[in-house]
Amino acid sequence: MSQPLLYCVDHDPVSRIVLESMFERDYTVESFADAESCLARVEDRLPDLMLLDVELPMMNGYGLCRQIKSEPVLRSIPVLFISHDEDLAARIEAYESGGEDFILKPYAVEEVRRRVAVVRRTLEEASRLRGQISDSELLSSLLLSSMDEYAVLIKFMRVLNESEHVEAIAQSLLTMLHAFRLKGAVQIRDPWTSLTLSEEGRDRPLEKAVIEHLSSMERIFEFKSRSVYNFQHVTLLVNNMPTHDAELCGRLRDHLAIAAEMAEARVQSVIGQHSLQLAQQGLAGVLEDTSRALSTYVDNQRQLRKQGAEDVQALINRLTLSIVPLGLNSELEEEILELVDARTHDILQRFLSSDDTAETLTSLIERLHQVLRQSR
Amino acid sequence: MSILQIVYKSLANPGLEEANVLDILRVSQTRNQVARISGLLVYRAPVFVQLLEGPEAAVLALYERIAHDSRHHAVEDIERCEAERSAMPTWAMGYFSPSADAFAHEQDWFVFSDKQVLKICEAMPPHIGAPFLDVLRAEA
């Protein structure tokens, strides 16, 4: 099988050689000193992945990426940016131009390799995700019947209410965006993990970083053709609001705000259910441990009583045999034996009376088992 | 913001184990990244040539530690200058020695081959690359 093809575009010759050296074991690497020579080569042969330096001599890396992403044939090629620029603005521009990740230069060799691997995996998942969206019953019915915007919203709510986990919630928001002819991404943050989903893939590094930053901003805000809806656990980012149509834009803004709020409520409900399940699992564990400890205790007590009774009986037998050589008269002998018999009988009775406690504990164990069966 | 670049040369002490050099480099990858130091280390027994570059204070502190390391001697400054950009694009230290392959792990991506390191040094600014090329070509 042929190796995947990697294009590296960097104006710095040392950087090009280092990138070639890093990837030549697993990729066929071609390097370019500028965007123009890379674009010319792309017309002949499509790469599987591109690493672009931002600071290129004529057209910069963002411009090159925009060109790549504007061509339907090329847009699925993953692009990773490499730049000296640490500013957030650089990352946002990288995201806006369609890049998958942003690596700060100078970089660690291992880190670049790892991030390239992550992007490739993400892109593979993305194609699967796109398949799911286009196949969904909701989408096909919406596109076929050209329902109005409220119908889209109602359909979304219906699917949302059936969503049992955060991925399904994120997926329902994406499907709704698709039905509104919008593109964007959803991030859902629960106490255990964070999920960023778009049609382009799941947890794309640059998208995730940008939305994490946006999530700390206002509840609803817009910049250029983008709009963002922030709730505690949900951030919805729309990249292509129809800003040319103010009326439509206003209606969509209202719908999206409602949808994001509904998704937030659903996420809270899912979190609550999951927390309850975890608490129930914890309680079930405690109940099982308690039940086991009580059973062991009751068994030990039974064993103790049995052993005690046997020991006392052995003592009486031994005493009866031992008393003969003492030469006591029969009355005194009988008196001693009666005394010992009476006292040992008392001891045995006390042992037996503790069976009441065992019965109580046995009943408690049975009740614990019933609770455990009901909690499953 | 400009950075400091130092190129030095030194001689390995007798008995130096190259496996130990690689162990140290593996640990220093993370440390260098945190300190934002990049560079290149070439070892052709018994000669070391190393480029250290990054924020001035971090580079000077690292150089001070290296200069007093008991595994080498005759440490000699060859180049010390300021630059706008680092010559090497990786924070971690690139490494080359003809015998590195015998000790390097598969995951030691910072270890370059002789062809790779020769190309890197030829592409560097001459005042940085020349000391490396002298050593590489002298043995070739």
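General observations
- You will find that of A:Ser2, A:Ser37, A:Ser21, A:Ser31, the residue that is more than 26 Å from B:Val117 (Cβ to Cβ) and either of a type in the set (S, T, N, Q) or within 14 Å of chain B (Cβ to nearest Cβ) (or both) is A:Ser2 and no other.
- All positions within the range B:65-85 that are in a loop (DSSP other than H, G, I, E, B) and in contact with a Leu (Cβ under 9 Å, 6 or more places away or on another chain): B:Arg71
- Which numbered condition B:Leu16 misses (of (1) assigned to a strand (DSSP E or B); (2) at negative phi): (1)
- Only one entry of A:Arg292, A:Arg266 meets the criterion of being basic (Lys, Arg) and either touching a residue at least 60 places away in the same chain (Cβ under 8 Å) or open to solvent by less than 90 Å² (accessible area, probe 1.4 Å) (or both), and that entry is A:Arg266.
- Restricting the range B:43-64 to residues that are in a helix (DSSP H, G or I) and within 14 Å of the chain's Cα centre (by Cα) leaves a set whose member that is surrounded by the most Cβ atoms within 10 Å (Cβ to Cβ) is B:Val59.
- If you go through the range A:54-79 and pick out every residue that is within 14 Å of chain B (Cβ to nearest Cβ) and buried (at least 20 other Cβ atoms within 10 Å of the Cβ), you end up with 1.
- Sole exception among (1) open to solvent by 100 Å² or more (accessible area, probe 1.4 Å); (2) charged (D, E, K, R); (3) away from chain A (no Cβ under 14 Å); (4) without any contact (Cβ under 8 Å) to a residue 40 or more places away in the chain for B:Glu82, by number: (4)
- Of residues in the range A:160-204 being β-branched (Val, Ile, Thr) and open to solvent by 20 Å² or more (accessible area, probe 1.4 Å), the one farthest from A:Thr243 (Cα to Cα): A:Thr193
- In the range A:88-127, the residues that are within 14 Å of chain B (Cβ to nearest Cβ), closer than 18 Å to A:Leu56 by Cβ and part of a loop (DSSP other than H, G, I, E, B): A:Lys105, A:Pro106
- Test for A:Glu333: is it over 30 Å from A:His233 (Cα atoms), over 60 Å from the mean Cα position of the chain (by Cα) and open to solvent by 90 Å² or more (accessible area, probe 1.4 Å): no
- Across the range A:207-235, the qualifying residues are those that are among the charged types (D, E, K, R) and under 24 Å from A:Val79 (Cα atoms), and the one among them that is nearest to the chain's Cα centre (by Cα) is A:Lys208.
Condition check ((1) within 13 Å of chain A (Cβ to nearest Cβ); (2) touching a residue at least 40 places away in the same chain (Cβ under 8 Å); (3) aromatic (Phe, Trp, Tyr)) across all residues:
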residue	(1), (2), (3)
B:Ala61	no, no, no
B:Asp69	no, no, no
B:Asp77	no, yes, no
B:Gly94	yes, yes, no
B:Ser97	no, yes, no
B:Glu106	yes, no, no
B:Ile128	yes, yes, no
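The values are calculated or read from the model by the stated rules, or taken from the named source; none is laboratory data. This is a predicted model, so every value here is computed, not measured. Every residue, glycine among them, receives a Cβ derived from its backbone with ideal geometry; neighbour counts consider all protein chains shown. The protein model used for the area step is the full one, side chains on, heavy atoms only, and it has no ligands, DNA or RNA in it. Shrake-Rupley method; radii C 1.70, N 1.55, O 1.52, S 1.80 Å.
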